[in-house]
1. Any residue in segment 13-42 that's on the phi > 0 side of the Ramachandran plot: show its pairings with residues that are open to solvent by 50 Å² or more (accessible area, probe 1.4 Å) at Cβ separation under 8 Å, as long as the two are six or more apart or on different chains.
2. Being open to solvent by 80 Å² or more (accessible area, probe 1.4 Å) and over 15 Å from Pro7 (Cβ atoms) is the filter; apply it to segment 17-45 and report the residue that is nearest to the chain's Cα centre (by Cα).
3. Step by step: first the residues of segment 6-16, then only those that are within 12 Å of the chain's Cα centre (by Cα) and surrounded by 12 or more Cβ atoms within 10 Å (Cβ to Cβ), then the one that is nearest to Met66 (Cα to Cα). Which residue is that?
4. Can we say Gly65 is open to solvent by less than 50 Å² (accessible area, probe 1.4 Å) and free of Cβ contacts under 8 Å to residues at least 60 places away in the same chain?
Amino acid sequence: MTNADSPAFATPETDTSYGHYGLTKREHFAGLAMAGLLAAAEESPAHTIAAISVSHADALLAELGMEQTK
């Protein structure tokens, strides 16, 4: 599992729970980027905003991955 595919808010499995994985880090970061883009005054097609949001999420994950190797 890559860092991007790791759960953003995982809860561990216990005797009474199967655990919860929720959104991946990539999905979470893309959602945050999308919120910022939508807050801007510019109008853009939804597919453009989605593509830019995922691109920003991927760039953040790549940068965070580089910091771990330093």
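The values are calculated or read from the model by the stated rules, or taken from the named source; none is laboratory data. Values in this document were obtained by computation on a predicted structure and should not be read as measured data. Positions of Cβ are generated from backbone atoms using ideal geometry, with glycine treated the same way; all protein chains shown enter the neighbour counts. Ligands, DNA and RNA are stripped out before the accessible areas are found, and what is left, the full protein with its side chains, is counted by its heavy atoms. Shrake-Rupley method; radii C 1.70, N 1.55, O 1.52, S 1.80 Å.
1. Gly19/Ala10; Gly19/Thr11; Gly19/Pro12; Gly19/Glu13; Gly22/Phe9; Gly22/Ala10
2. Selected residue: Leu32.
3. Only one residue fits best here, namely Ser6.
4. No.
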